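A.B. asks: Have a look at this one.
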Amino acid sequence: ILLTILCGCFSHGLGFWTDRSAVHEAAAQGRVKQLQQLIEEGAAVNTVAVDSITPLHEACIQGQTQCVRLLLNAGAQVDARNIDGSTPLCDACAAGSIECVRLLLEHGATVNPPLFTFSPLHEACMGGSSECVRLMIDQGAFMEAHDCHYGTPLHVACARQHYDCTKVLLSAGANVNAAKLHETALHHAAKVNNAELVELLVEFGGNVYARDNLNKKPIHYTRPGSPCYLVLEFYENTPLSLQQISRVTVRKTLGTRACDVVTKLGLPNRIIRFLSHMPPPVIEL
């Protein structure tokens, strides 16, 4: 069995499992000169620790951009997986290190890793970096990637109350009513009592009447009289305006193409801004 494991490690170019090496330590702590010297002396950059973490994982977790560059240039495997299945790109997104993310992408990092449901985009939403979220979407990240525990990236962003990440996802065409065990992002926003998130989700077509696997609507997770409860109560009892219905219908029909298509419809700027969920232009007197 041991021989099989070791052969498996070599077949992936990762070498033997070891304790944390000097390369791991230098990469994690950002000791660039030491790392460069170790590499020049022939130290293995793909050595894995017992948790399958490589030096590149370590550098990305800590946002050590220069170390990431050194390791990649020395042949570090850009899509190496640790024991949890996370790649260095996942770690860089979780850390919100946009420069590390860009470096990894330049070296061919996989945006949508196969056989792995908690994607780099999930990690970016977990970490709360809207810049990373936007970059991953621009690179083709699947916004409907579904993790059996966390749901979609939108579920993660709302559960963690990352408003900016949520807005980036919705603006890019993420499905506002995607369900995890019938639980929508609106249920998450209600559970954390975030009225601002609730309003944003409803603005993008969130269904206030959606019921989860316990047959509960979002309002059932709020405290009566609380700001979140009052917002949901208002939306449950107030019909949507024709303007809002039109906007939701347009975005639902166009999906991820909405941002590009709407600007090419030849409509007045004010209507384009409304359909794009942008504030109206400021009129100077």
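The values are calculated or read from the model by the stated rules, or taken from the named source; none is laboratory data. In this text the structure is predicted, and so the values were computed from the model without any measurement. Methodologically, a virtual Cβ is constructed for each residue, glycine included, from the backbone with ideal geometry; neighbour enumeration extends over all protein chains shown.
A.B. asks: Only one residue in Cys165, Cys148, Cys125 is over 18 Å from Gly205 (Cα atoms) and in contact with a Cys (Cβ under 6 Å, 6 or more places away or on another chain). Which one?
C.D. replies: Going through Cys165, Cys148, Cys125 in turn, the sole match is Cys125.
A.B. asks: While we're on this one: Could you check Arg134 against (1) in contact with a Leu (Cβ under 8 Å, 6 or more places away or on another chain); (2) outside the structural domain of Leu38 (by TED's automatic domain parsing); (3) surrounded by fewer than 20 Cβ atoms within 10 Å (Cβ to Cβ) and say which number it fails?
C.D. replies: Result: Arg134 fails condition (1) only.
A.B. asks: Tell me which residues, restricted to region 189-215, are in a helix (DSSP H, G or I), within 12 Å of Cys228 (Cβ to Cβ) and not charged (D, E, K, R).
C.D. replies: Ala189, Ala190, Ala195, Leu197, Val198, Leu201, Val202 - these are the residues of region 189-215 that are in a helix (DSSP H, G or I), within 12 Å of Cys228 (Cβ to Cβ) and not charged (D, E, K, R).
A.B. asks: Taking Ala109, is it over 21 Å from Gln37 (Cα atoms), touching a helix residue (DSSP H, G or I) at 6+ places or on another chain (Cβ under 9 Å) and in a loop (DSSP other than H, G, I, E, B)? Steps first, please.
C.D. replies: Numbers: over 21 Å from Gln37 (Cα atoms): yes; touching a helix residue (DSSP H, G or I) at 6+ places or on another chain (Cβ under 9 Å): yes; in a loop (DSSP other than H, G, I, E, B): yes.
Criteria met by Ala109.
A.B. asks: Taking interchain pairs and intrachain pairs at least six residues apart, which have beta carbon atoms under 6 angstrom, with the first residue in region 45-67 and in the same structural domain as Lys33 (by TED's automatic domain parsing) and farther than 13 Å from Ala22 by Cα and the second surrounded by fewer than 24 Cβ atoms within 10 Å (Cβ to Cβ) and among the aromatic types (Phe, Trp, Tyr)?
C.D. replies: Val50/Trp17
A.B. asks: Right, another one. Among what's in region 142-168 and is touching a Gly at 6+ places or on another chain (Cβ under 9 Å) and not in a loop (DSSP other than H, G, I, E, B), pick the residue that is farthest from Glu131 (Cα to Cα).
C.D. replies: Per the criteria, the residue is Ala159.
A.B. asks: Then there's this: Can you name the residue in region 94-106 that is small (Gly, Ala, Ser) and in a helix (DSSP H, G or I) and is also surrounded by the fewest Cβ atoms within 10 Å (Cβ to Cβ) among such residues?
C.D. replies: Ala95
A.B. asks: Of all the residues that make up region 48-81, how many are more than 16 Å from Gln36 (Cβ to Cβ) and in a helix (DSSP H, G or I)?
C.D. replies: 3
A.B. asks: Restricting the search to region 85-100, which residues are more than 12 Å from the chain's Cα centre (by Cα) and more than 22 Å from Ala44 (Cα to Cα)?
C.D. replies: Hits for region 85-100 are Ser97, Ile98, Glu99.
A.B. asks: Can you name the residue in region 163-185 that is modelled with pLDDT of 95 or more and more than 20 Å from Val208 (Cα to Cα) and is also surrounded by the fewest Cβ atoms within 10 Å (Cβ to Cβ) among such residues?
C.D. replies: Asp164
A.B. asks: Also: Going by the conditions given, is Ala124 without any contact (Cβ under 8 Å) to a residue 60 or more places away in the chain and surrounded by 17 or more Cβ atoms within 10 Å (Cβ to Cβ)?
C.D. replies: The answer is yes for Ala124.
A.B. asks: Select from region 136-167 the residues that are closer than 18 Å to Arg257 by Cβ and of a type in the set (Asp, Glu) and list them in ascending order.
C.D. replies: Asp138, Glu144
A.B. asks: Being modelled with pLDDT under 95, within 30 Å of Pro120 (Cα to Cα) and within 26 Å of the chain's Cα centre (by Cα), is that true of even one residue in region 213-230?
C.D. replies: yes
A.B. asks: Another one. Only one residue in Asp84, Asp91 is part of a loop (DSSP other than H, G, I, E, B) and of a type in the set (D, E, K, R), so which one is that? I'd like the intermediate steps shown before the answer.
C.D. replies: Values: Asp91 fails: part of a loop (DSSP other than H, G, I, E, B).
Being part of a loop (DSSP other than H, G, I, E, B) and of a type in the set (D, E, K, R) holds for just one of Asp84, Asp91, which is Asp84.
A.B. asks: Need the failing condition index for Glu123 against (1) assigned to a loop (DSSP other than H, G, I, E, B); (2) outside the structural domain of Glu25 (by TED's automatic domain parsing), just the number.
C.D. replies: (1)
A.B. asks: Kindly indicate whether Phe118 is over 30 Å from Gln66 (Cβ atoms) and aromatic (Phe, Trp, Tyr). It would help to see each step written out before you state the result.
C.D. replies: Details: over 30 Å from Gln66 (Cβ atoms): no; aromatic (Phe, Trp, Tyr): yes.
In short, no.
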